[in-house]
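Notes follow the structure.
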Amino acid sequence: MEILRKSRREAREAVLDDYPSACARFSWDEARTWLDGLPGEGGLNIAHEAVDRHATGEDGERTAIRWLGKAGARREIRYRELAELSARFANVLDALDVAHGAGVFLLAGRIPELYLAVLGALKHGAVVTPLFSAFGPEPIATRLTLGEGRVLVTTTSLYRRKVAPIRDRLESLEQVLVVRDDDQPLPEGTRELGPLLEAAPPDYAIPATDPEQPALLHFTSGTTGTPKGALHVHQAVVAHHATARFALDLRAGDVFWCTADPGWVTGTSYGIIAPLSLSATLVVDEAEFDAERWYRILDEEAVSVWYTAPTAVRMMMKGGSERARSRAYPSLRFIASVGEPLNPQAVHWGVEAFGLPIHDNWWQTETGGIMIANFASMDIRPGAMGKPLPGIEAAVMRHLPDGDVERVGHHDEEGELALRVGWPSMFRTYLHEEARYRRCFVGDWYLTGDLARRDPEGYFWFVGRADDMIKSAGHLIGPFEVESALMEHPAVAEVGVIGKPDPVIGEVVKAFVALKPGHAPDETLRRELLGFARKRLGPAVAPKEIEIQASLPRTRSGKIMRRLLKARELGLPEGDTSTLETSR
Ligand code: ATP
Ligand code: MG
């Protein structure tokens, strides 16, 4: 098997320089001591750890957020200033009599107000939910209703387009605070945030915060069904902080760019909380994906640690690595990816384009933080998700007829990926779905719904979602394996593989493929792809059918939606498509 070796120097210089001994020594109690806690036994509050404790003296002068506006504007917000701005926001909530524990929702692009409001609401003790700003009115209504949002922070234009039409239905909503982004009169039933912030005092004593107090409500991506609301508590910050150190090699002073939107858990856990808790500088780009712009940011903003997703990597790969190589990236030290499987091609492309491999890591909205990762000090096995973080015990489980689970018998046997409960950023419930939450656990184990295997060296390999597994002629086939093989073909940009019901063999493997620019979607290529896959995978696993499509359906966060490919193939209702990105 192919291995990308790290040099001794690379291992020595990494934060997690000695993985086995870190695993042996580490405890979450120790990680808690890396944070300050509120003064005088006041508990633990995310915003204090992320901002206030870095806000005084020289530390306070360090840039917390470097904001890059769509149209070229720049704004540097120092830690001291971020502490003040978030304090003002917390005071605004106080002045409006917003109860501690109330739901505060945010619906905005990546503008500075979003960040100060998230942190200010956490100071105030609210339960915060950032929503992806590209959501339409329906997904907004569903989430605000489910989460009983009392306050919404948005912009005037988003309010007019997406909230005003559903405002009548939002019974829990009491306050709408808007950032003006047009010249029209202030919409009825809203208050302008700017003047409220200016009038509010710039200091705020964070009330005592129980580490178990709810802090964040995040909705899952909706890849496999209706999105679920996962509730997280303030002590999640212990895990955000420790996992960013271990898995992202992140340190004070780093210039860190997490390309996920705060509307997704990655964009909050690692796009706001973790880097600030480490006193790094956070790059925030307001603009949408654009390969050229991203290369420029990585280079000119001297990004040292970059956390992105396979969907972005695939888009960059589409354009070839020459464009990437036209720049130098002198500060870039570490690249990581999360959200979907990262196939070996993408890991190698990192080396080709940036001189650095891309480090895959694995986690879910439910886990609140990174659980399995390829560390800076560790050899990479391209295609593997890596090893569990210190403090995390992961296992591959087999389900027993009596409802119990046990570890699979030998290495490389596939089963459900499970995590032993007890890390601080674990979700505490699915909102209003307590029974569903409880079904995720067997004894001490949280069952993730993903299938994986563990190799003899302890690396975990993603096999597929439990729901996506294909049963064909007695074989159990994981779509990722088939997708990875097709991705090796030079014409292929994206693949989604499903099982299509078949009366004889149960299911046949069918692949949907999108091509790179410059390749014609003709019969010759289709046949070539069938042969290519068959040669790599063998006839039992290779797709029997391949369909070339202009693009594949994806969630708003960029994940390929296999369930939708399947529903369309079978002419079935598409189920919840509120998070679907592509229009039909
Ligand atoms: P839903 O739960 O609503 O169906 P979702 O599972 O996509 O949506 P998220 O919590 O955003 O919602 O995504 C977590 C899932 O993404 C994981 O359970 C896994 O299936 C997939 N995933 C994340 N990282 C990786 C990775 N490195 N390799 C493979 N799959 C990954
Ligand atoms: Mg999920």
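The values are calculated or read from the model by the stated rules, or taken from the named source; none is laboratory data. Computed from a prediction, not measured in an experiment: that's the story for all the values here. Positions of Cβ are backbone-derived with ideal geometry, glycine not excepted, and every protein chain shown enters the neighbour counts. Calculation scope for accessible area: heavy atoms of the full protein, side chains included, ligands and nucleic acids excluded. Shrake-Rupley method; radii C 1.70, N 1.55, O 1.52, S 1.80 Å.
Points to keep in mind about this one:
- To the nearest 10, the accessible area of Arg428 is 70 Å² with a 1.4 Å probe.
- Relative to the longest principal axis of the Cα atoms of the chain, the long axis of helix 137-146 lies at roughly 70 degrees.
- Accessible surface of the chain, 1.4 Å probe, proportion on carbon and sulfur as whole %: 49 percent
- Trypsin sites (Lys or Arg not before Pro) restricted to segment 242-299 and DSSP loop, no more than 15 other C-beta within 10 Å: none
- Nearest-ten-degree value, helix 344-354 long axis tilted from longest Cα axis of the chain: 60 degrees
- Each of the peptides 385-394, 95-104 was scored by the mean count of other Cβ atoms within 10 Å over its residues; in descending order, highest first, they stand as 385-394, 95-104.
- Entry note, segment 469-570: relative contact order of 28 percent, from Cα contacts under 8 Å with a spacing of 6+ residues.
- Against the criterion of solvent-accessible heavy-atom surface with a 1.4 angstrom probe, Cys23, Cys258 sort, most first, into Cys23, Cys258.
- Taking 0.36 nm per residue of separation and subtracting the Cα-Cα distance, full extension of the segment from Lys535 to Ser27 would add 178.2 nm.
- Whole-angstrom gap from segment 240-257 to segment 379-434, using each part's C-alpha centre: 24 Å
- Approximate spin-label separation Glu58-Asp182, in nm, with each point projected 7 Å along Cα-to-Cβ: 4.9 nm
- The chain: calculated mean residue ellipticity at 222 nm from DSSP helix runs of at least 4, using -39500 (n - 2.57): -8000 deg cm²/dmol
- Lysine-lysine proximity count for segment 8-454, Cα under 29 Å, sequence distance 8 or more or distinct chains: 7
- For the chain, the solvent-accessible area of protein heavy atoms averages 39 Å² per residue (probe radius 1.4 Å; ligands and nucleic acids excluded).
- Counting only protein heavy atoms and using a 1.4 Å probe, the accessible area of Asp404 comes to about 70 Å².
- Span per principal axis, largest first, for the Cα atoms of the chain (Å): 70, 58, 54
- Prolate/oblate/rounded label for segment 203-338 (Cα gyration tensor, a/c 1.5): oblate
- Gyration tensor (alpha-carbon) shape descriptor, segment 14-65, a/c threshold 1.5: oblate
- The three principal axes of the C-alpha atoms in segment 469-570 carry coordinate ranges of 38, 33, 20 Å, sorted with the longest axis first.
- Segment 7-51 residues near the modelled Val351 label - backbone nitrogen below 20 Å, point 7 Å along Cα→Cβ: 7-14
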